[in-house]
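Following: one structure in structure tokens, then a few remarks.
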């Protein structure tokens, strides 16, 4: 009778054998995973090209031209502010949504919606209405955006003859305007069909306009001859 019980499929002996085999296979899998090579960490992205140029080329040139020895007193770029005014958003909120999406694609950062501070009856504007969006870029994103602006976007402007060298506010901040956002190739012209411009302000620590112009020319800004 005992021999019959052992031979019966599904008996206690067969179940114990199956559990032992499963435990061995699990141990083998664990050993195989341990022997594999560890995953190599991803390589960090290289620094922006204009950031490297500032420290290696522009900064030494400014030290010689300005006759200074303190590196911290040299003019540098601190931030870039990109602003879109969407007046038609008063009647159609979709225009503002399109502008926010376009700016996020261009700058790689989520914009902030700007709100009207006071009511103006002539423009049918009420205090608190959303009328635009803006982005403040700093650090690596700032240099990457400036590189794309200089090397890709500005050459695509129709009948471009250089930037106005006098568009400074006396404190080293330079402002320029673009009438069409499609100069940035990141935008799909089939999706963004409505013309939309933007204002771009480059904020620097320069004490005079001449220092700011020299800094911007070092970055490659195509300023016209004064």
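Average the reciprocal distances over every distinct pair of alpha-carbons in the stretch 87-173, invert the result, and give the Kirkwood radius in Å.
About 15.6 Å for the stretch 87-173.
Could you calculate, for the stretch 160-226, the ratio of the Cα radius of gyration to the Kirkwood radius, expressed as Rg to Rh?
1.07
What spacing in nm lies between the two simple spin-label points modelled at residue 188 and residue 43, each 7 Å away from Cα in the Cβ direction?
Distance between label points: 3.2 nm.
In a solvent-free Debye calculation with one equal scatterer on each Cα, what is log10 I(q)/I(0) for the stretch 75-219 at q = 0.10, 0.13, 0.16, 0.21 Å⁻¹, listed in the order of the q values?
Log10 of I(q)/I(0), two decimals: -0.38, -0.63, -0.92, -1.32.
Of 119, 88, how do they rank once you tally other Cβ atoms within 10 Å and put the fewest first?
119, 88
Values quoted throughout were computed directly from the atomic coordinates according to the rules given, and no laboratory measurement underlies them. Predicted model, so just to flag it, every value in this text is computed and none were measured. Because the Cβ atoms are built from the backbone with ideal geometry, glycine has one as well, and the counts that use them run over all protein chains shown.
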